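The next block holds one structure in the form of C-alpha coordinates; read it before the comments.
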Amino acid sequence: MKIAVFETEGWEQRAFDVLADGHKIQFFSEPLSKEKPGNAADAEMISTFIYSDLSREIIQRFNRLKLIATRSTGFDHIDTEYCRQRGIVVSNVPTYGDHTVAEHVFALLLTISHRLCEAIDRTRKGDFSSKGLQGFDLRGKTLGVIGTGNIGQRAIEIARGMGMKVLAYDVKPDESLASALGFRYAGMDELLGGSDAVTLHVPANKKTHHLLSGPEFSKMKDGVVLINTSRGTVVDVMALARALAEGKVAAAGLDVLPEEPLIQEEAELLRSFYEKKYDLERLLSGHILLNLRNVVITPHNAFNTREAVERILETTVENIRAFAQGEPQNVVVGKD
Ligand code: NAI
(Lines give C-alpha, C1' and ligand atoms only; values in the text may rest on other atoms or scores of the structure.)
Protein backbone atom coordinates (compact mmCIF):
# COMPACT_ATOMS: atom_id res chain seq x y z
CA MET A 1 0.00 0.00 0.00
CA LYS A 2 1.01 3.62 -0.43
CA ILE A 3 1.76 5.41 2.83
CA ALA A 4 2.38 9.16 3.26
CA VAL A 5 4.03 10.17 6.51
CA PHE A 6 3.84 13.85 7.43
CA GLU A 7 5.73 15.86 10.06
CA THR A 8 8.80 13.63 10.28
CA GLU A 9 12.47 14.30 9.94
CA GLY A 10 15.81 12.57 10.43
CA TRP A 11 16.00 9.54 12.71
CA GLU A 12 12.22 9.37 13.10
CA GLN A 13 11.83 8.36 9.44
CA ARG A 14 14.04 5.31 9.95
CA ALA A 15 11.41 3.82 12.29
CA PHE A 16 9.26 3.26 9.17
CA ASP A 17 12.00 1.28 7.36
CA VAL A 18 10.48 -1.99 8.58
CA LEU A 19 7.39 -1.23 6.45
CA ALA A 20 9.36 -0.62 3.25
CA ASP A 21 9.10 -4.28 2.34
CA GLY A 22 5.60 -4.40 0.85
CA HIS A 23 4.63 -0.72 1.12
CA LYS A 24 5.66 2.45 -0.70
CA ILE A 25 6.43 5.20 1.80
CA GLN A 26 6.72 8.94 1.16
CA PHE A 27 7.92 11.36 3.85
CA PHE A 28 7.04 15.04 4.25
CA SER A 29 8.67 17.17 6.94
CA GLU A 30 5.83 19.73 6.89
CA PRO A 31 2.42 19.22 8.48
CA LEU A 32 -0.37 18.48 6.04
CA SER A 33 -2.13 21.78 5.26
CA LYS A 34 -4.16 23.55 2.57
CA GLU A 35 -1.01 25.33 1.46
CA LYS A 36 1.22 22.23 1.66
CA PRO A 37 -0.93 19.21 0.81
CA GLY A 38 2.08 17.06 -0.15
CA ASN A 39 2.19 15.25 -3.45
CA ALA A 40 0.46 12.14 -2.13
CA ALA A 41 -3.22 12.34 -3.13
CA ASP A 42 -3.22 8.61 -3.97
CA ALA A 43 -2.00 7.52 -0.51
CA GLU A 44 -4.07 4.78 1.11
CA MET A 45 -2.67 5.41 4.57
CA ILE A 46 -1.42 8.63 6.08
CA SER A 47 0.35 9.24 9.36
CA THR A 48 0.59 12.68 10.94
CA PHE A 49 1.30 14.36 14.22
CA ILE A 50 -1.13 16.95 15.65
CA TYR A 51 -0.15 19.99 13.60
CA SER A 52 -1.60 18.58 10.37
CA ASP A 53 -4.94 19.91 9.16
CA LEU A 54 -7.17 16.86 8.94
CA SER A 55 -10.39 18.70 8.22
CA ARG A 56 -12.92 17.32 5.74
CA GLU A 57 -11.59 19.63 3.02
CA ILE A 58 -8.10 18.14 3.27
CA ILE A 59 -9.13 14.51 3.79
CA GLN A 60 -11.33 14.77 0.66
CA ARG A 61 -8.18 15.17 -1.44
CA PHE A 62 -7.15 11.62 -0.59
CA ASN A 63 -9.71 9.65 -2.54
CA ARG A 64 -8.13 6.24 -1.83
CA LEU A 65 -7.58 6.88 1.88
CA LYS A 66 -8.28 3.95 4.21
CA LEU A 67 -6.31 4.73 7.37
CA ILE A 68 -5.19 7.78 9.33
CA ALA A 69 -2.59 6.72 11.89
CA THR A 70 -2.16 9.74 14.15
CA ARG A 71 1.08 9.79 16.12
CA SER A 72 -0.69 11.19 19.17
CA THR A 73 -3.11 10.22 21.92
CA GLY A 74 -5.54 13.08 21.17
CA PHE A 75 -7.39 13.01 17.85
CA ASP A 76 -9.35 16.25 18.07
CA HIS A 77 -7.41 17.57 15.03
CA ILE A 78 -9.17 15.00 12.82
CA ASP A 79 -12.70 15.34 11.37
CA THR A 80 -13.72 11.97 12.79
CA GLU A 81 -17.34 12.39 11.67
CA TYR A 82 -16.22 12.66 8.06
CA CYS A 83 -13.88 9.67 8.50
CA ARG A 84 -16.84 7.65 9.82
CA GLN A 85 -18.93 8.61 6.75
CA ARG A 86 -16.12 7.64 4.38
CA GLY A 87 -15.23 4.43 6.24
CA ILE A 88 -11.72 5.70 6.97
CA VAL A 89 -10.24 4.04 10.05
CA VAL A 90 -8.42 6.29 12.55
CA SER A 91 -5.87 4.79 14.92
CA ASN A 92 -4.01 6.56 17.71
CA VAL A 93 -1.22 5.90 20.20
CA PRO A 94 -3.03 5.54 23.50
CA THR A 95 -0.27 5.34 26.09
CA TYR A 96 3.15 6.27 24.79
CA GLY A 97 3.87 8.99 27.25
CA ASP A 98 1.72 8.96 30.34
CA HIS A 99 4.81 9.19 32.60
CA THR A 100 6.47 11.60 30.21
CA VAL A 101 3.59 14.10 30.29
CA ALA A 102 3.14 13.68 34.06
CA GLU A 103 6.84 14.51 34.54
CA HIS A 104 6.29 17.68 32.49
CA VAL A 105 3.37 18.63 34.76
CA PHE A 106 5.81 18.66 37.67
CA ALA A 107 8.49 20.38 35.61
CA LEU A 108 5.98 23.23 35.17
CA LEU A 109 4.75 23.13 38.75
CA LEU A 110 8.26 23.12 40.22
CA THR A 111 9.34 25.88 37.83
CA ILE A 112 6.57 27.97 39.37
CA SER A 113 6.95 26.87 43.02
CA HIS A 114 10.75 27.40 42.98
CA ARG A 115 10.59 30.52 40.75
CA LEU A 116 13.08 28.85 38.42
CA CYS A 117 12.65 31.15 35.41
CA GLU A 118 13.42 34.30 37.38
CA ALA A 119 16.20 32.57 39.37
CA ILE A 120 17.94 31.28 36.23
CA ASP A 121 17.51 34.62 34.42
CA ARG A 122 19.14 36.32 37.39
CA THR A 123 22.20 34.06 37.71
CA ARG A 124 22.77 34.21 33.93
CA LYS A 125 23.15 37.95 34.39
CA GLY A 126 25.72 37.31 37.10
CA ASP A 127 23.33 38.33 39.91
CA PHE A 128 23.39 35.77 42.74
CA SER A 129 20.98 37.53 45.13
CA SER A 130 17.94 35.50 46.20
CA LYS A 131 15.94 38.58 47.21
CA GLY A 132 12.31 38.33 46.07
CA LEU A 133 12.71 34.74 44.86
CA GLN A 134 10.92 32.97 47.70
CA GLY A 135 8.84 30.06 46.47
CA PHE A 136 6.60 27.54 48.23
CA ASP A 137 6.65 23.83 49.13
CA LEU A 138 4.53 21.30 47.30
CA ARG A 139 4.65 18.85 50.21
CA GLY A 140 1.45 19.11 52.24
CA LYS A 141 -0.40 21.05 49.51
CA THR A 142 -3.46 19.71 47.69
CA LEU A 143 -3.32 18.95 43.98
CA GLY A 144 -6.65 18.88 42.12
CA VAL A 145 -6.46 16.41 39.23
CA ILE A 146 -9.20 16.73 36.61
CA GLY A 147 -9.24 13.52 34.57
CA THR A 148 -7.86 10.34 36.16
CA GLY A 149 -6.97 8.46 32.97
CA ASN A 150 -3.46 7.37 32.06
CA ILE A 151 -1.69 10.72 32.51
CA GLY A 152 -3.80 11.85 35.47
CA GLN A 153 -2.90 8.62 37.32
CA ARG A 154 0.83 9.10 36.75
CA ALA A 155 0.54 12.73 37.93
CA ILE A 156 -1.22 11.48 41.08
CA GLU A 157 1.58 8.97 41.76
CA ILE A 158 4.22 11.69 41.49
CA ALA A 159 2.16 14.07 43.65
CA ARG A 160 1.73 11.41 46.34
CA GLY A 161 5.46 10.64 46.17
CA MET A 162 6.13 14.32 46.86
CA GLY A 163 3.86 14.31 49.91
CA MET A 164 0.95 16.15 48.29
CA LYS A 165 -2.71 15.39 48.99
CA VAL A 166 -4.82 14.73 45.92
CA LEU A 167 -8.46 15.51 45.13
CA ALA A 168 -9.65 14.25 41.77
CA TYR A 169 -12.62 14.64 39.47
CA ASP A 170 -13.54 12.37 36.59
CA VAL A 171 -16.80 11.61 34.78
CA LYS A 172 -16.02 7.93 35.38
CA PRO A 173 -14.57 7.73 38.90
CA ASP A 174 -12.78 4.52 39.83
CA GLU A 175 -12.82 4.00 43.60
CA SER A 176 -10.39 1.06 43.47
CA LEU A 177 -7.90 3.34 41.77
CA ALA A 178 -8.47 5.98 44.43
CA SER A 179 -7.65 3.56 47.25
CA ALA A 180 -4.68 2.07 45.37
CA LEU A 181 -3.10 5.47 44.65
CA GLY A 182 -4.21 7.19 47.85
CA PHE A 183 -6.45 9.99 46.61
CA ARG A 184 -10.08 11.00 46.95
CA TYR A 185 -12.68 11.74 44.28
CA ALA A 186 -14.64 14.94 44.81
CA GLY A 187 -17.25 16.94 42.91
CA MET A 188 -15.88 19.63 40.62
CA ASP A 189 -16.81 22.46 43.02
CA GLU A 190 -15.12 20.79 45.99
CA LEU A 191 -11.99 20.16 43.92
CA LEU A 192 -11.87 23.77 42.72
CA GLY A 193 -12.37 25.16 46.22
CA GLY A 194 -9.97 22.77 47.94
CA SER A 195 -6.93 22.63 45.66
CA ASP A 196 -3.74 24.68 45.87
CA ALA A 197 -2.87 23.63 42.31
CA VAL A 198 -5.12 22.22 39.61
CA THR A 199 -3.90 20.07 36.72
CA LEU A 200 -5.97 19.10 33.66
CA HIS A 201 -5.91 15.65 32.04
CA VAL A 202 -9.12 15.39 30.04
CA PRO A 203 -9.46 14.99 26.26
CA ALA A 204 -10.60 17.95 24.14
CA ASN A 205 -14.19 17.51 23.04
CA LYS A 206 -17.48 19.42 23.12
CA LYS A 207 -18.03 18.56 26.80
CA THR A 208 -14.58 19.69 27.93
CA HIS A 209 -14.51 22.87 25.82
CA HIS A 210 -13.88 25.72 28.33
CA LEU A 211 -14.26 23.27 31.22
CA LEU A 212 -12.45 25.97 33.20
CA SER A 213 -13.93 29.40 32.56
CA GLY A 214 -14.93 32.46 34.64
CA PRO A 215 -17.35 30.67 37.04
CA GLU A 216 -14.84 27.86 37.71
CA PHE A 217 -11.96 30.30 38.35
CA SER A 218 -14.14 32.22 40.80
CA LYS A 219 -14.68 29.01 42.82
CA MET A 220 -10.93 28.35 43.13
CA LYS A 221 -8.77 29.19 46.14
CA ASP A 222 -7.14 32.60 46.01
CA GLY A 223 -3.60 32.20 44.68
CA VAL A 224 -4.18 28.80 43.03
CA VAL A 225 -1.74 27.52 40.41
CA LEU A 226 -3.13 26.10 37.15
CA ILE A 227 -1.26 23.55 35.04
CA ASN A 228 -2.60 22.57 31.61
CA THR A 229 -0.93 19.87 29.54
CA SER A 230 -4.19 18.52 28.04
CA ARG A 231 -5.47 20.73 25.21
CA GLY A 232 -5.72 24.52 24.94
CA THR A 233 -9.48 24.60 24.38
CA VAL A 234 -10.17 23.02 27.78
CA VAL A 235 -9.37 26.41 29.38
CA ASP A 236 -11.05 29.70 28.44
CA VAL A 237 -7.84 31.71 28.07
CA MET A 238 -9.60 35.06 28.31
CA ALA A 239 -11.09 34.05 31.65
CA LEU A 240 -7.65 32.79 32.71
CA ALA A 241 -6.01 36.08 31.72
CA ARG A 242 -8.61 37.90 33.86
CA ALA A 243 -8.14 35.52 36.82
CA LEU A 244 -4.36 36.08 36.62
CA ALA A 245 -4.80 39.85 36.45
CA GLU A 246 -7.06 39.76 39.53
CA GLY A 247 -4.60 37.53 41.42
CA LYS A 248 -7.19 34.75 41.78
CA VAL A 249 -4.80 32.51 39.88
CA ALA A 250 -1.27 33.21 41.13
CA ALA A 251 0.51 31.46 38.28
CA ALA A 252 -0.08 29.13 35.35
CA GLY A 253 2.05 26.53 33.62
CA LEU A 254 0.72 25.83 30.14
CA ASP A 255 1.99 23.36 27.59
CA VAL A 256 -1.02 23.97 25.37
CA LEU A 257 -2.87 27.04 24.09
CA PRO A 258 -5.98 27.20 21.90
CA GLU A 259 -4.18 28.67 18.88
CA GLU A 260 -0.72 27.20 19.37
CA PRO A 261 0.87 27.65 15.98
CA LEU A 262 -0.44 31.13 15.31
CA ILE A 263 0.58 33.27 18.20
CA GLN A 264 4.27 33.39 17.49
CA GLU A 265 4.34 36.67 15.60
CA GLU A 266 2.12 39.74 15.75
CA ALA A 267 2.02 39.92 11.95
CA GLU A 268 0.76 36.36 11.78
CA LEU A 269 -1.75 37.08 14.49
CA LEU A 270 -3.22 40.06 12.63
CA ARG A 271 -3.23 38.22 9.31
CA SER A 272 -5.24 35.38 10.83
CA PHE A 273 -7.72 37.92 12.14
CA TYR A 274 -8.14 39.66 8.80
CA GLU A 275 -8.51 36.33 7.05
CA LYS A 276 -11.23 35.67 9.67
CA LYS A 277 -9.55 32.41 10.55
CA TYR A 278 -9.63 32.88 14.29
CA ASP A 279 -11.18 34.96 16.97
CA LEU A 280 -8.90 37.94 17.70
CA GLU A 281 -9.81 38.11 21.39
CA ARG A 282 -8.76 34.54 21.91
CA LEU A 283 -5.57 35.00 19.94
CA LEU A 284 -4.73 38.16 21.86
CA SER A 285 -5.35 36.62 25.26
CA GLY A 286 -3.02 33.76 24.30
CA HIS A 287 -0.50 36.36 23.23
CA ILE A 288 -0.88 38.30 26.49
CA LEU A 289 -0.33 35.12 28.52
CA LEU A 290 2.96 34.59 26.73
CA ASN A 291 4.27 37.84 28.13
CA LEU A 292 3.11 37.53 31.74
CA ARG A 293 5.87 36.86 34.26
CA ASN A 294 3.72 34.46 36.28
CA VAL A 295 2.86 32.31 33.28
CA VAL A 296 5.24 29.62 32.10
CA ILE A 297 4.53 28.34 28.60
CA THR A 298 6.10 25.42 26.77
CA PRO A 299 5.37 24.73 23.09
CA HIS A 300 3.27 21.55 23.36
CA ASN A 301 6.42 19.75 24.34
CA ALA A 302 5.27 17.64 27.29
CA PHE A 303 5.39 14.42 25.26
CA ASN A 304 8.70 15.18 23.62
CA THR A 305 11.34 12.94 25.13
CA ARG A 306 13.49 10.58 23.10
CA GLU A 307 11.91 7.53 24.78
CA ALA A 308 8.32 8.72 24.29
CA VAL A 309 8.87 9.53 20.61
CA GLU A 310 10.41 6.08 20.10
CA ARG A 311 7.31 4.51 21.67
CA ILE A 312 5.02 6.67 19.47
CA LEU A 313 6.83 5.54 16.32
CA GLU A 314 6.86 1.86 17.34
CA THR A 315 3.11 1.85 18.03
CA THR A 316 2.31 3.79 14.84
CA VAL A 317 4.28 1.31 12.73
CA GLU A 318 2.42 -1.51 14.49
CA ASN A 319 -0.93 0.27 13.87
CA ILE A 320 -0.13 0.50 10.15
CA ARG A 321 1.06 -3.09 9.96
CA ALA A 322 -1.99 -4.41 11.84
CA PHE A 323 -4.33 -2.46 9.56
CA ALA A 324 -2.58 -3.76 6.43
CA GLN A 325 -3.00 -7.32 7.79
CA GLY A 326 -6.74 -6.75 8.24
CA GLU A 327 -6.64 -6.59 12.03
CA PRO A 328 -6.63 -2.88 12.92
CA GLN A 329 -5.52 -1.98 16.44
CA ASN A 330 -5.81 1.13 18.61
CA VAL A 331 -8.87 2.12 16.58
CA VAL A 332 -10.60 5.35 17.66
CA VAL A 333 -12.83 5.54 14.56
CA GLY A 334 -13.81 2.21 13.08
CA LYS A 335 -15.40 1.32 9.77
CA ASP A 336 -18.91 1.43 11.26
P1 NAI B 1 -7.19 9.11 29.02
O2 NAI B 1 -8.24 8.85 27.98
O3 NAI B 1 -6.42 7.97 29.57
O4 NAI B 1 -7.88 9.87 30.26
C5 NAI B 1 -8.80 10.91 30.13
C6 NAI B 1 -9.69 10.92 31.37
O7 NAI B 1 -10.54 12.06 31.31
C8 NAI B 1 -10.60 9.68 31.49
O9 NAI B 1 -10.46 9.10 32.77
C10 NAI B 1 -11.99 10.25 31.27
O11 NAI B 1 -13.00 9.53 31.98
C12 NAI B 1 -11.83 11.66 31.78
N13 NAI B 1 -12.80 12.60 31.26
C14 NAI B 1 -13.30 12.69 30.00
N15 NAI B 1 -14.17 13.71 29.92
C16 NAI B 1 -14.20 14.29 31.14
C17 NAI B 1 -14.90 15.40 31.68
N18 NAI B 1 -15.75 16.11 30.94
N19 NAI B 1 -14.69 15.72 32.97
C20 NAI B 1 -13.86 14.97 33.75
N21 NAI B 1 -13.19 13.90 33.30
C22 NAI B 1 -13.34 13.58 32.00
O23 NAI B 1 -6.23 10.22 28.39
P24 NAI B 1 -4.73 10.54 28.80
O25 NAI B 1 -3.80 9.60 28.13
O26 NAI B 1 -4.63 10.68 30.27
O27 NAI B 1 -4.53 11.95 28.10
C28 NAI B 1 -5.33 13.08 28.45
C29 NAI B 1 -5.14 14.16 27.40
O30 NAI B 1 -3.81 14.66 27.49
C31 NAI B 1 -5.26 13.67 25.94
O32 NAI B 1 -6.59 13.61 25.49
C33 NAI B 1 -4.45 14.70 25.19
O34 NAI B 1 -5.31 15.73 24.74
C35 NAI B 1 -3.48 15.25 26.24
N36 NAI B 1 -2.10 14.93 25.91
C37 NAI B 1 -1.19 15.96 25.86
C38 NAI B 1 0.12 15.73 25.55
C39 NAI B 1 1.12 16.84 25.52
O40 NAI B 1 2.23 16.67 24.97
N41 NAI B 1 0.83 17.99 26.11
C42 NAI B 1 0.61 14.39 25.22
C43 NAI B 1 -0.41 13.36 25.36
C44 NAI B 1 -1.71 13.64 25.67
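Would you pick out the residues in the stretch 125-146 that are small (Gly, Ala, Ser) and in contact with a Phe, Trp or Tyr (Cβ under 8 Å, 6 or more places away or on another chain)?
Keep residues of the stretch 125-146 that are small (Gly, Ala, Ser), which gives 126, 129-130, 132, 135, 140, 144.
The one that is small (Gly, Ala, Ser) and in contact with a Phe, Trp or Tyr (Cβ under 8 Å, 6 or more places away or on another chain): GLY144.
Output yes when any residue across the stretch 187-195 is over 30 Å from SER33 (Cα atoms), at pLDDT 95 or above, crowded, with 23+ Cβ neighbours inside 10 Å and among the small types (Gly, Ala, Ser), and no when none is.
Within the stretch 187-195, one or more residues are over 30 Å from SER33 (Cα atoms), at pLDDT 95 or above, crowded, with 23+ Cβ neighbours inside 10 Å and among the small types (Gly, Ala, Ser).
Within the stretch 216-229, can one find any residue that is within 22 Å of the chain's Cα centre (by Cα), open to solvent by 10 Å² or more (accessible area, probe 1.4 Å), within 11 Å of the ligand (Cβ to nearest atom) and of a type in the set (Ser, Thr, Tyr)?
Yes, the stretch 216-229 contains a residue that is within 22 Å of the chain's Cα centre (by Cα), open to solvent by 10 Å² or more (accessible area, probe 1.4 Å), within 11 Å of the ligand (Cβ to nearest atom) and of a type in the set (Ser, Thr, Tyr).
Inside the stretch 208-234, can you point out the residues that are within 17 Å of HIS77 (Cα to Cα) and in contact with a Leu (Cβ under 6 Å, 6 or more places away or on another chain)?
Once the filter is applied, which keeps residues that are within 17 Å of HIS77 (Cα to Cα) and in contact with a Leu (Cβ under 6 Å, 6 or more places away or on another chain), the stretch 208-234 yields SER230, GLY232, VAL234.
Only one of SER176, SER195, SER213 is over 27 Å from LEU290 (Cα atoms) and either among the β-branched types (Val, Ile, Thr) or within 16 Å of the ligand (Cβ to nearest atom) (or both). Can you tell me which? Write out each step before concluding.
Values: SER195 fails: over 27 Å from LEU290 (Cα atoms); SER213 fails: over 27 Å from LEU290 (Cα atoms).
Within the list SER176, SER195, SER213, the selection yields SER176.
List every residue pair whose Cβ atoms lie under 8 Å apart, where the two residues are 6 or more positions apart in sequence or sit on different chains, the first residue falls within the stretch 294-312 and is in contact (Cβ under 8 Å) with a residue 24 or more places away in the chain and open to solvent by less than 20 Å² (accessible area, probe 1.4 Å), and the second residue, located anywhere, is of a type in the set (S, T, N, Q) and within 12 Å of the ligand (Cβ to nearest atom).
Going by the 8 Å Cβ cut-off, the qualifying pairs are ALA302/THR100; ALA302/THR229; ALA308/THR100; ILE312/SER72.
Return the residues of the stretch 66-99 that are under 28 Å from VAL225 (Cβ atoms) and in contact with a Lys or Arg (Cβ under 9 Å, 6 or more places away or on another chain); say none if nothing qualifies.
Hits for the stretch 66-99 are GLY74, ASP76, THR95, TYR96, GLY97, ASP98, HIS99.
Taking only pairs six or more apart or across chains, which ones have beta-carbon atoms under 9 Å, a first residue in the stretch 129-150 that is over 14 Å from GLY163 (Cα atoms) and away from the ligand (no atom under 16 Å from the Cβ), and a second residue that is assigned to a loop (DSSP other than H, G, I, E, B) and of a type outside the set (Lys, Arg)?
Listed pairs, sorted by first residue: LEU133/HIS114; GLY135/HIS114.
Does any residue of the stretch 55-69 turn out to be in contact (Cβ under 8 Å) with a residue 40 or more places away in the chain, under 26 Å from THR298 (Cα atoms) and not aromatic (Phe, Trp, Tyr)?
yes
Checking the structure you have, find out if any residue of the stretch 78-90 is more than 12 Å from the ligand (Cβ to nearest atom), open to solvent by less than 50 Å² (accessible area, probe 1.4 Å) and touching a Phe, Trp or Tyr at 6+ places or on another chain (Cβ under 7 Å).
yes
Identify the residue in the stretch 155-185 that is out of contact with any Ser or Thr (no Cβ under 9 Å at 6 or more places or on another chain) and of a type in the set (Gly, Ala, Ser) and, among all such residues, is nearest to VAL105 (Cα to Cα).
Filtering the stretch 155-185 down to residues out of contact with any Ser or Thr (no Cβ under 9 Å at 6 or more places or on another chain) leaves 157-158, 160-163, 171, 175-176, 179-180, 182, 184.
Then drop every residue that is not of a type in the set (Gly, Ala, Ser), which leaves 161, 163, 176, 179-180, 182.
Details: GLY161: 14, GLY163: 16, SER176: 24, SER179: 22, ALA180: 21, GLY182: 19 Å.
Of everything passing the filter in the stretch 155-185, GLY161 is nearest to VAL105 (Cα to Cα).
Could you check ALA20 against (1) among the small types (Gly, Ala, Ser); (2) touching a strand residue (DSSP E or B) at 6+ places or on another chain (Cβ under 7 Å); (3) on the phi < 0 side of the Ramachandran plot and say which number it fails?
Among (1) among the small types (Gly, Ala, Ser); (2) touching a strand residue (DSSP E or B) at 6+ places or on another chain (Cβ under 7 Å); (3) on the phi < 0 side of the Ramachandran plot, the lone unmet condition for ALA20 is (2).
Kindly indicate whether PHE6 is aromatic (Phe, Trp, Tyr) and surrounded by fewer than 23 Cβ atoms within 10 Å (Cβ to Cβ).
no
The values are calculated or read from the model by the stated rules, or taken from the named source; none is laboratory data. Since we're looking at a predicted model, the values are computed, not measured. Heads up, the Cβs are rebuilt from the backbone with ideal geometry, glycines too, and the neighbour counts pull from every protein chain shown. Remember, those area values only see protein heavy atoms, side chains included, never the ligands or the DNA or RNA. Shrake-Rupley method; radii C 1.70, N 1.55, O 1.52, S 1.80 Å.
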